[in-house]
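The values are calculated or read from the model by the stated rules, or taken from the named source; none is laboratory data. All of these numbers come straight from a predicted model, not from anything done at the bench. The protein model used for the area step is the full one, side chains on, heavy atoms only, and it has no ligands, DNA or RNA in it. Shrake-Rupley method; radii C 1.70, N 1.55, O 1.52, S 1.80 Å.
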Amino acid sequence: MYKEVAQELVSFIKSSPTPFHAIGNISGILEKEGFERLREGAVWDIRPGGKYYVTRNGSSILAFKTGTLPENYSFHITASHSDSPAFKVKENAQIDVKGKYTVLNTEGYGGMICSTWFDRPLSLAGRVIVKEGNRLVSRLLNIDRDLLMIPSLAIHMNREVNEKQSLNKQKDMLPVYSGRKMDEDTLKNLVADELGAKMEQIYGTDLYLYNRAEPSVWGAEEEFISSPRLDDLECAYASLKGFLRGENSGSVSVYACFDNEEVGSQTKQGAASTFLSDVLTRINAALGKTPEDLSRALASSFMLSCDNAHAVHPNYPEKTDVCNCVYMNEGIVIKSHAGQKYTSDAVSIALFKMICEKAGVPVQFFANRLDMNGGSTLGNIAMSQVSVNTVDIGLAQLAMHSSYETAGIRDAVYLIRAAETFYNSCICETVSGVYEIREKA
């Protein structure tokens, strides 16, 4: 089972070089499962027992199953993110170098480990806006061949490369596109040709470099998986599988995958946007519920904020907390932080531990060292718009924000099982303040 899921994950990641492709693939999976697409600008006809999804910007998605919805209903939510650190191609991208090379002008998106982008086969993918008559149509682009390379500087010209290295993205990280000076519109023509359009029809682009190195399963016992964009497509895929398997007639099961987590989520489609709030409010209204019903539902709702976590590095074990450190293939990671970079608290941790016990899934606990700042994630950001009980969880990995990351093949299966059990469960707080997890309604 573990290898089978690993191969499914590899296939999903390979076909998802950008958030636009990831959300397109998730949409396709949902439609095969009978989900109906809704559009934010249209009236929603939602029925009890229905299955629906809606996208925003083509890079974020919310899917939900309504159940039969008794009077006291709640929302069961998992949230992950579709984006990863990368290099975005600027609008006027071609730069001539001494008439002998053409390189592309890019800018960094998110906090990547720059050195991991050197000397790897790269290509371009993203979203292109094409003018077709009086319409502007969004098209996905993936130039599926080795097209670019960012060459490193030889050690003979940088004798300190193994002692210290400071990289300037504008100087050191520009990818080589050609071995000669190319005509000014060559890249734009390439994009148009790939889409079967003319250059004059290309009205806008969101194009990114992506690493074309093949994912691999490796290790003495084939216990590891390495791939681009494991953070956070691993959680996005595993929580989706659990969402599709789970069923609970007494709640609205919600799957969320947001864009722009790597740059702070402060966008119209990010976790800090109104996207989640808008959808939950519209679900409630379309089902004939009142604002009072929505407030009550949110008060008894629960969210799993799913974003990968830092495994202990074999060469740098001192970089992690001495007690709250985690390892690949040893279970789902529960993340906590006194300063609330993670939303986990005693109640949400306890509830999630009970869910994992029911699922037969091991858990681990992660906290940063006192003298090291960690990153934030989706949970606390999303709570600025929708306040529900939330636990921050993830899967242990190495080389986070590298262009080629490593995780354990067992952990994705653990998250699938835990997410399925979560969606199958009824989580409620009694009038006396006692929490209960019961079998699905």
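Is the C-alpha gyration tensor of region 309-353 telling us rounded, prolate or oblate? Criteria: a/c under 1.5 is rounded; beyond that, a/b larger than b/c is prolate, otherwise oblate.
Oblate, since a/c reaches 1.5 and b/c is not below a/b.
To the nearest 10 degrees, how steeply does helix 2-14 sit against the main Cα axis of the chain, on a 0 to 90 scale?
Once rounded, the angle reads 50 degrees.
Against the longest principal axis of the chain, how steep is helix 275-286, in degrees 0 to 90 to the nearest 10, with axes from Cα atoms?
40 degrees
I'd like the distance separating the alpha-carbon centroids of region 170-214 and region 218-235, in whole Å.
29 Å
At a probe size of 1.4 Å, how large is the accessible area of Glu420, to the nearest 10 Å²?
The accessible area of Glu420 comes to roughly 50 Å².
Going by Cα centres, region 368-398 and region 6-27 are how many Å apart?
Cα centres, region 368-398 to region 6-27: 24 Å.
Quick one: length gained pulling Glu132 to Met1 fully straight, 0.36 nm per residue minus the C-alpha distance?
Stretched out fully, the Glu132 to Met1 stretch lengthens by 42.6 nm.
Quick one, which of (1) 139; (2) 199; (3) 153 is the actual volume of the Cα convex hull per residue in Å³ calculated for this model?
From the options (1) 139; (2) 199; (3) 153, the structure gives (3).
With all protein chains present and a 1.4 Å probe, how do Arg417, Arg180 order by accessible area, largest first?
Per-residue accessible area, sorted high to low, gives Arg180, Arg417.
Solvent-accessible area per residue for region 1-41 at a 1.4 Å probe radius, Å²?
On a per-residue basis, region 1-41 sits at 49 Å².
Carbon and sulfur together cover what percent of the accessible area of the chain at a 1.4 Å probe radius?
Solvent-exposed carbon and sulfur of the chain make up 49 percent of the total.
Of Lys319/Lys341; Lys3/Lys51; Lys98/Lys171; Lys32/Lys241, which ones are farther than 21 Å apart at the Cα?
Lys3/Lys51
If amide H atoms are built 1.01 Å from N in the plane of the peptide, which residues on other chains or at least 5 residues away come under 5 Å of the amide H of Glu247?
Distant-sequence amide H within range of Glu247: Asn424.
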